[in-house]
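Just below is one structure, and these are the notes that go with it.
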Amino acid sequence: MDLKGPKLKDYMKKAVVVPGKKIKLSEIDTGWAQTERLKELGEKKAEKKLIKMLEESRLALADTQEVLWSDRGYSILIILQGMDTAGKDGTIRHVMSGVNPQGCRVHGFKVPSTEEHSHDFLWRYTLDLPQRGEIGIFNRSYYEDVLVVKVHPDRLEVLPERYGPCEKGFWEGRYRDINSFEEHLVRNGTLILKFFLHISKKEQKQRLLDRLEHKDKYWKFSLGDLAERQVWDQYEKAYEEMLIATSTDYAPWFVVPSDYKWVARTFVADTIVSAIEGLKLTYPKLDEKQVKSLMEAKKQLENE
């Protein structure tokens, strides 16, 4: 299930993290002018064009979801990661607004409970994996266990000393665990789409200030956001290491430019549709006996 196939558009391929290849997030553009065509249009026309594309992708996603649900051969796991204020909630709300909620489940993962910390770090996520025919969205995910706990080691679950983070190769081991876990899911029919919503530190500042300038957004602000902002560079380094180590041919990472929400949302929606369409799903085909039964049922209804 290689996502680098011909169904992905050029700008999508550009956003894929090449497995094992080093990246520097500070050098990756987070703005709106991601292609020559967009640059030619200018910001206002580019925004109008991408918003139209987003609406088209939403409609297409509703159609592809119906085929996915009827086919029941695959499940889709969408993972959204990003710094605070990167737009994960808004992306889910705008991209998935047209899908049937019966076949789409969103899971947000907070600080692990005592019970969750009593298991291995992947345990709580396996409980919420999508069934075949479903789209599952992880708003944050098991990648927090190589991000937040890497920046804040005190938040790591209690482990035997010989297997703890002080041991050489601890984080590399976690990356291998994640890669093996995802490879297992892919072999069992799960299409994994991983998006890192990449915003600049400058844009994060503006979004935090916006929350403090509007009373109806006060609830969104947390003093913890400021504390996490102070370790921005550490998070950026942790993300770079994670992206390099866990982007694979079967489950690559997409670095999504997210300073402009209309860019990020359109990119995510278009990528999801392209990837699902690439599975070449079809509605179930009935044999002659089944068709005959349906025609008899039709005749019975018509004669009532």
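Among the residues making up segment 212-239, those that are free of Cβ contacts under 8 Å to residues at least 40 places away in the same chain and either surrounded by 13 or more Cβ atoms within 10 Å (Cβ to Cβ) or charged (D, E, K, R) (or both) are E213, K215, D216, K217, K220, F221, D233, K237. Counting only helices (runs of 4 or more DSSP H) wholly contained in segment 51-151, the ones carrying 3 or more residues that are touching a helix residue (DSSP H, G or I) at 6+ places or on another chain (Cβ under 6 Å) and not acidic (D, E) occupy 88-95, 148-151.
Candidates in segment 95-128 are the residues that are touching a Phe, Trp or Tyr at 6+ places or on another chain (Cβ under 9 Å) and either in contact (Cβ under 8 Å) with a residue 60 or more places away in the chain or among the acidic types (D, E) (or both); of these, the one that is nearest to R265 (Cα to Cα) is D128.
One residue stands out among those in segment 11-26 that are closer than 16 Å to T248 by Cβ and out of contact with any Ser or Thr (no Cβ under 6 Å at 6 or more places or on another chain): the one that is surrounded by the most Cβ atoms within 10 Å (Cβ to Cβ), which is A15.
What is the residue count in segment 165-214 for residues that are among the hydrophobic types (A, V, I, L, M, F, W, C) and within 19 Å of the chain's Cα centre (by Cα)? Working first, answer last.
If we filter segment 165-214 for residues that are among the hydrophobic types (A, V, I, L, M, F, W, C), which is where we start, we get 166, 170-171, 178, 181, 185-186, 191-193, 195-197, 199, 208-209, 212.
From what is left, the residues that are within 19 Å of the chain's Cα centre (by Cα) are 178, 181, 185-186, 191-193, 195-197, 199.
Final tally of qualifying residues: 11.
For segment 238-271, which positions are more than 13 Å from T91 (Cβ to Cβ) and either of a type in the set (D, E) or assigned to a helix (DSSP H, G or I) (or both)? Those that are more than 13 Å from T91 (Cβ to Cβ) and either of a type in the set (D, E) or assigned to a helix (DSSP H, G or I) (or both): A238, Y239, E240, E241, M242, L243, I244, A245, T246, D249, D259.
Taken together, the values in this text are just the output of simple stated rules run on the coordinates, not laboratory data. What you are looking at is a predicted structure, and each value in this text was computed from that prediction instead of being measured. Neighbour counts run over all protein chains shown; Cβ positions are idealised from the backbone, glycine included.
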